[in-house]
Every structure is written in C-alpha cells, then in structure tokens.
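These notes are about the structure you will find just below.
Please treat every number below as a calculation from the coordinates, not as lab data. Predicted model only: the values in this text are computed from it and were never measured. Neighbour counts run over all protein chains shown; Cβ positions are idealised from the backbone, glycine included.
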Amino acid sequence: MKILVAVDGSPFTRKMLAYLAAHDEWLGASHEYTVLNAVAAVPPRAAAVLDKAVLKSHYEEEAERVFKPIRTFFNKQGIKANFVGKVGAPADLIAALTAKGDYDLLMMGSHGHGSLANLIMGSTATKVLAACQTPVLLIR
C-alpha cells in the first residue's frame, strides 16, 4: 500500500506516530511511505528582500526540524520512507500531492476541534477531506 503521511511536528503528529507504532498492520515493508511537511511561506514582501539561498535554507531547516524526530521513529521501526518538504498552504499541498502521487491512503493527525472552531479558524483536516479523493485516516 502506498501511504502519504502528513506531518506538522505538533503533538497530534506524535499521536499519529504512536498510533502507527501500536498497530502492526500499518508497519512493515509491504507499505511504501512518503512523509510530507508543508512549511508556511514567508510573506511575499519579506521574501522579495531576502536572498533566494537564505530563503531556501530557511524552508529546508524548518522541514528538517519537523522531520528529525520522525526519521528517528521510522528508523527505529525499520521502515524506509521518503521525506518531502513543500512550501505553501498545507491543505492544498496535501490534497495535491495525494492526487498526483496516486496514494492508496493519507494518514494525518487532527486537532479535533469542533464544528464551531472549524468555522472560526478553519481546519486543515476539513479542507483536505473536502479536496481529497484518496481515503484519509485521521488520528486524534
């Protein structure tokens, strides 16, 4: 099974990894994992005055900060994974990569806000569910 794992480094990402570790059916060499982190873009006016190499380094460092403990987790489990850092709106990037990569499943943690909080703040998980044709496993 080809699985995309969307991560943000939050406690909800850690809960999702704990869920993976507790369920042997999701672990093992029979699955192909890609771990995605969406790094928020620097505002355009600020990006315009920054050196492109500095900006690129910033995005890579932010993604690696999130990836480091997740790499450790996958290594301890003996699982190979591809790590992909993208820049932009998380919901859009997750939905687009899921469709483009022809994944069988998307796994992601969810903050578990109620309906009212989603109306006020929006929800990455809600936006992904609306835009994604791939089955999604949300872990709270």
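In percent, what relative contact order does region 2-139 have, based on Cα pairs under 8 Å that are 6 or more apart in sequence? Kindly include the intermediate steps, with their values, before the conclusion.
Values: 180 pairs, mean separation 49.3, N = 138.
Relative contact order of region 2-139: 36 percent.
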Proxy reagent accessibility, fewest Cβ within 10 Å first, across Val42, Val136: Val42, Val136
Net charge of Cβ neighbours under 12 Å - reference Leu93; Lys, Arg +1; Asp, Glu -1: +1
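Can you compute the helix-only [θ] at 222 nm over the chain? Use -39500 (n - 2.57) per DSSP H run of at least 4 residues, normalise by all residues, nearest 500 deg cm²/dmol. Working shown, then result.
Numbers: 6 runs with 70 residues, N = 140.
Only helices count here, giving -15500 deg cm²/dmol.
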Answer label, with Rg and Dmax of the Cα atoms in Å calculated from the coordinates and candidates (i) 13.8, 42; (ii) 15.5, 49; (iii) 17.2, 53: (ii)
Short version: ³J(HN,Hα) in whole Hz for each residue of region 23-40, in order, from phi by Karplus 6.51 cos²θ - 1.76 cosθ + 1.60 (θ = phi - 60°), x for Gly and Pro, what are they? 10, 4, 5, 8, 9, x, 6, 6, 10, 10, 9, 10, 9, 10, 10, 9, 8, 4
Counting other C-beta atoms within 10 Å, which of Ile94, Ile70, Ile139 has the fewest, and how do the rest follow? Ile139, Ile70, Ile94
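Could you list Val5, Val54, Val39 so that the one with the fewest beta carbons within 10 Å of its beta carbon is first and the one with the most is last? Walk me through the intermediate numbers first.
Values: Val5 25, Val54 10, Val39 20.
Fewest-to-most ranking of Val5, Val54, Val39: Val54, Val39, Val5.
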